[in-house]
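Just so it is clear, none of the values below were taken in a lab; they were calculated from the coordinates. Keep in mind the model is a prediction, meaning the values are calculated, not measured. Glycine also receives a Cβ, built like all others from the backbone with ideal geometry; neighbour counts cover every protein chain displayed.
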Amino acid sequence: MSHSTAETSAASASGGEDLLVPALVALDADLGATSEDVVRRLAALVGDAGRTAGADGTEDLARAALAREASSPTGLPNGIAIPHARTAGVARASLAFARLERKVDFGAPDGPADLVFLIAAPEGAGSQHLKLLSKLARALVRPAFTASLREASSAEDVVRLVDEVLAPAQPKAPAAPAAGAGTADGAAAPATASGAVAADAAATVDQEAPVASATGARRIVAVTACPTGIAHTYMAADSLVAAGERAGVEVVVETQGSSGATPLPADVIAGASAVIFAVDVGVRERGRFAGKPLVSSGVKRAINEPDAMVAEALRAVDDPRAERVAGDGGAG
């Protein structure tokens, strides 16, 4: 197969943003044998497109992304990798994408990756850019989206697919008010009885304010966070919510990411049966959860094994020996 990188530029449909353009897409490409090779080649695409800052911008981007890989590899199940970095070496928030002819190991538990997105954010990126970047990361946990990337026939097709997941949600026709419906100011409907929410609007407080379940079903509250706060934080949140849906449990997640965070309401925490911390950094104001049964791990486990974490949290509810969240000064 050939290495295809179109040298044209196109504005995206995502509110006028152009995080990804055809010149930043490499289809059916051999970018080397190692994750470092791939990261450096994708960083070079960003630099060649004029999106890095200074003479050493491309190297700064590659170095920052590789440092992130060294601390926690970004390979995910199903052949995906999302190396990412926030650095002053990036002048403009950007994505670079490769569909690899030769798969490369990025540390995923199920094997090497063939779909790789390099997420590049400036050090002072605004919250809107960061929200768009995190929205892409969330889309990568959806099998239909990754399947479409594998089937795309051109760089322009890839840009269109990404634009579609980044595009602002279209307003829907008003519906008759119902129990648990949105507020008069247009807020979206809250969680259903099982804890599920409308498609592409997981029960995470940065998107919608969570609302207490009207049923007697158990609720799990969770916090997800990673050092960069662009990708894993949000993918972990969506994975936990989906696992809760499969288990018939309401899971409400506070994402402590780079695009901001809205703390879980006190009544939502009070009504929770257990807590999950899927974090690679400290939890802000953890004393809010004091006394709750706790399951804790690094953020990637919530992406790779969300069902197991939800099951462990449910078992902890009934286990008097289970770890519990200590106050801010405690170890729990």
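Please list, in order, the residues from region 82-113 whose amide nitrogen is less than 15 Å from a point placed 7 Å along the Cα→Cβ vector of Asp48. Residues passing the 15 Å test: 96-99. Couplings 3J(HN,Hα) of region 280-296, computed from phi: 10, 9, x, 7, 6, 6, 5, x, 4, 9, 3, x, 7, x, 10, 10, 10 Hz, in residue order, whole Hz [Karplus 6.51 cos²θ - 1.76 cosθ + 1.60, θ = phi - 60°; x for Gly and Pro]. Oblate is the label for region 219-317, because the ratio a/c of its alpha-carbon gyration tensor axes (a ≥ b ≥ c) is 1.5 or higher and a/b is not greater than b/c. For Lys135, the aspartates and glutamates whose Cα falls under 12 Å of its own Cα, not counting residues fewer than eight places away in the same chain, are Asp163, Glu164, Asp200, Asp206, Asp238. Calculated FRET efficiency, Val317 to Asn78, Cβ-Cβ distance, R0 = 45 Å: about 0.90 to the nearest 0.05. Per-residue Karplus couplings for region 140-150, computed as 6.51 cos²θ - 1.76 cosθ + 1.60 with θ equal to phi - 60°, are listed in order as 6, 8, 9, x, 5, 5, 5, 5, 5, 5, 6 Hz, Gly and Pro entered as x.
The charge dipole of region 219-317, taken about the Cα centre with unit charges on the Cβ atoms of Lys, Arg (+1) and Asp, Glu (-1), comes to about 220 debye, rounded to the nearest 20. Near the amide H of Leu20, within less than 5 Å, lie the amide hydrogens of Leu95, all on another chain or at least 5 residues away, with H placed in the peptide plane. Can you find, among Val90, Gly111, Leu166, the residue sitting farthest towards the positive end of the charge dipole of region 22-166, where Lys and Arg contribute +1 and Asp and Glu -1 at Cβ? The Cα lying farthest towards the positive end belongs to Leu166.
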